[in-house]
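K.L.:
One structure follows; several queries about it will come next.
The values are calculated or read from the model by the stated rules, or taken from the named source; none is laboratory data. Not measured: the values here are computed from a predicted model. Glycine gets a Cβ as well: all are built from the backbone with ideal geometry, and neighbour counts include every protein chain shown. Note: areas computed on protein heavy atoms with side chains; ligands, DNA, RNA excluded. Shrake-Rupley method; radii C 1.70, N 1.55, O 1.52, S 1.80 Å.
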Amino acid sequence: MRNVFLLSTVLLAAQAGAQTSPMAPDIVAGFEAPQDQADYIKRVVMIPMRDGVKLHTVIVVPKGASKAPIILTRTPYNAAGRAKRNTSPWMQSSLPMGDEVFGRDFIRVFQDVRGKYGSEGDYVMTRPVRGPLNSSQTDNGTDAWDTIEWLVKNVPETNGKVGMIGSSYEGFTVLMALTEPHPALKAAVPMSAMVDGWRGDDWFHNGAFRVNTLAYISGQNTARGRGEALATGIYDDYDAVLRAGSVADMARRHGLDQLNFTKKLFEHPAYDSFWQEQALDRILAKRPLTVPTMHVVGQWDQEDIYGAYATYAALEKQDKDNKLNYLAVGPWRHSGVNYDGSSLGALRFTGDTALEFRRDVMVPFLKQHLVDGAPAAATPPVFWYQTGSNQWQRLSQWPQSSAKPVYLQGGFKLSFAKPAGAAAAYDEYVSDPAKPVPFVPRPVRMEDENVWKPWLVSDQRFVSDRTDVLSYVSEPLKEPLVLSGAPVVHLNASTSGSDADWVVKVIDVYPDEVPSQPAMGGYQLPLSMDILRGRYRDSFEKPSAIPSNKPVQYSFTLPPVNHVIQPGHRVMIQVQSSWFPLYDRNPQTYVPNIFLAAPGDYKKATQRVFHGSAVVLPVVER
């Protein structure tokens, strides 16, 4: 109001004939545009935590709201920016795209986590829960508790009920709030949540390090706001990472070795207590589930594909009546639930699947628990978009499949019939760390969203003809093959080295011609794929060298899938030993810490994959 008065005074003075000095400052301190025409009120406050640290919080209230519930998101990605997608007088236009389904029925709150952007305190990446790794009195759970306590007491338009939503790191903060939930927290929707950074979210997958973590560290940990991108000076990330050498060498090149989070990563390459004590599925499994929670993830989530399923499974044992623990999976990339869900890469779906979920499932779920007098929602325990048939399924539980092994056979064939004959037959290839298999076609641009977001559905023909990739293919199917669950790899293989990585992919091979979409002819669609660092074949916590030239059993679980491979399509299994530059190169010589591998440690190795190796598929019998 003060600024409006000042501007009015200036206008009156001008009308009275007074002249503004040519040297009058042209920037008015603390200027704020009038909000008279807006359909919302925005308040920016600093909320005190129990240790005195104040957290920057943006509160957006629909004008005229009374007894409205609050939806809270806690973020390391700039609360002010999250609350202002567009400059607009309309609340739905100002808030994020995923919020449009909320209309004006909720009060929306965004908060910077401690140490980021406008919040006070020190930033610790995915700050551990109070306990062995955190001797302080605060974590993201207590900060959520203190924030909710303040909101229900100081926002007069609320009914005192709070829900939390958020994706990726924001999903992590939702789960952290469940470690000690405030009584006013009535519903939670963690999306693509970061749960276990070693097993399969963000930093590692089964011990193999994701090199683009370094770029994330640069953006997240070098400044209180947003840090700079890595200045590699090289267009193709494949070349940039290869020339750098080891991950430690690359970190040093960009100064990231000076950062504490980088040091923590390099000091804990194995799944030791540092990672185990942070795994939120393990933590939450030991605590009572009291808040209705809907775990949301994309089937092709390229960043956090592990956590939602793991946490849902860990908490399902506590939900005897199917009233507290829910799972929703769409045909999306990471955080795709909040954007347009009508396609992903070359795949086309029946409509905007993300909007369908948000509007028809998530909003009724939130309203049931947050809006006074709202009707009960018909929320299924599991809501999953089955690809291949392209339809939503409402399931009472998941998975509902039977284990059915498909075997690698001679002549690069794949069959559900176990091969007869000598178990010593094999196929082999040379894995060369100097020429690793790319994870997408070159040039590799990991920061290009058109490359990064849909890469898990990339046509795998770009590697199927490489001599260091083995591809086993079935005959065309005569009946639909329905997969619903997590495939399990049982690979019998040997290496001439003393360490090795094994990448296994389950692929739907399209017919040579697809009349309705010609570009899909022969398309090799990845359904489920992942990597295992061989040193962890017996123990994630205690790595060991692989005996050279000796067949060894490698067993690991691939990400879940819910897909129908249609008649005329074929099933393919691919095996390779590098996935670069997304995952760091295995030197194929056993060293105590691969982060610190020396140039001379990287050596070629001959890999043999023995016939009779199998991938156990989660088949739904018709």
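Rundown of residues vs (1) in contact with a strand residue (DSSP E or B) (Cβ under 6 Å, 6 or more places away or on another chain); (2) under 21 Å from K505 (Cα atoms), yes/no style:
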| residue | (1), (2) |
| --- | --- |
| R537 | yes, yes |
| P543 | no, no |
| S548 | no, no |
| P567 | no, yes |
| V575 | yes, yes |
| N586 | yes, yes |
| A598 | no, no |
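K.L.:
Output the strands (runs of 3 or more DSSP E) that fall wholly within region 545-609 and possess 3 or more residues being in contact (Cβ under 8 Å) with a residue 40 or more places away in the chain and open to solvent by 10 Å² or more (accessible area, probe 1.4 Å), or say none. Break it down into steps so the answer makes sense when it comes.
P.N.:
Working: elements: 552-557, 561-565, 570-576.
Passing ranges, in order: 552-557.
K.L.:
If we scan region 285-308, do we find a residue that is hydrophobic (A, V, I, L, M, F, W, C), within 19 Å of the chain's Cα centre (by Cα) and either open to solvent by 10 Å² or more (accessible area, probe 1.4 Å) or under 22 Å from P581 (Cβ atoms) (or both)? Working first, answer last.
P.N.:
Of region 285-308, the ones hydrophobic (A, V, I, L, M, F, W, C) are 285, 289, 291, 294, 296-297, 300, 305, 308.
Right, trim to within 19 Å of the chain's Cα centre (by Cα) and you get 294, 296-297, 300, 305, 308.
Checking the rest, the ones that are also either open to solvent by 10 Å² or more (accessible area, probe 1.4 Å) or under 22 Å from P581 (Cβ atoms) (or both) come to 300, 305.
Yes - at least one qualifying residue is present in region 285-308.
K.L.:
Limited to region 445-465, what total is found for residues that are under 20 Å from I531 (Cβ atoms), free of Cβ contacts under 8 Å to residues at least 60 places away in the same chain and either open to solvent by less than 10 Å² (accessible area, probe 1.4 Å) or not in a helix (DSSP H, G or I) (or both)?
P.N.:
0
K.L.:
Of all the residues that make up region 141-153, how many are open to solvent by 10 Å² or more (accessible area, probe 1.4 Å) and touching a residue at least 60 places away in the same chain (Cβ under 8 Å)? First the steps, then the outcome.
P.N.:
Restricting attention to region 141-153, the residues satisfying the condition of being open to solvent by 10 Å² or more (accessible area, probe 1.4 Å) are 145-146, 149-150, 152-153.
So of that shortlist, the ones also touching a residue at least 60 places away in the same chain (Cβ under 8 Å) come out as 146, 150, 152.
Count: 3.
K.L.:
Across region 142-162, what is the number of residues that are over 31 Å from the mean Cα position of the chain (by Cα) and assigned to a helix (DSSP H, G or I)?
P.N.:
Adding up the residues that qualify gives 2.
K.L.:
Scan region 248-276 for residues that are in contact (Cβ under 8 Å) with a residue 60 or more places away in the chain, under 22 Å from the mean Cα position of the chain (by Cα) and either more than 19 Å from P543 (Cα to Cα) or open to solvent by less than 20 Å² (accessible area, probe 1.4 Å) (or both) and jot them down.
P.N.:
Result: F261, L265, A270, Y271, W275.
K.L.:
Quick one: what pairs do we get from region 376-396, first residue in contact (Cβ under 8 Å) with a residue 12 or more places away in the chain and of a type in the set (D, E, K, R), second open to solvent by 50 Å² or more (accessible area, probe 1.4 Å) and assigned to a loop (DSSP other than H, G, I, E, B), C-beta under 6 Å, 6+ apart or different chains?
P.N.:
Filtered contacts from region 376-396: no entries.
K.L.:
Among the numbered criteria (1) surrounded by fewer than 23 Cβ atoms within 10 Å (Cβ to Cβ); (2) more than 29 Å from D281 (Cα to Cα); (3) in contact with a Pro (Cβ under 6 Å, 6 or more places away or on another chain), which single criterion is violated by V241?
P.N.:
(1)
K.L.:
I'm trying to understand the selection: among the residues of region 426-444, which are within 24 Å of V571 (Cα to Cα) and open to solvent by less than 40 Å² (accessible area, probe 1.4 Å)?
P.N.:
Looking only at region 426-444, we keep the residues that are within 24 Å of V571 (Cα to Cα), and these are 426-429, 437-441.
Across region 426-444, the qualifying residues are D427, Y429, V437, P438, F439, V440.
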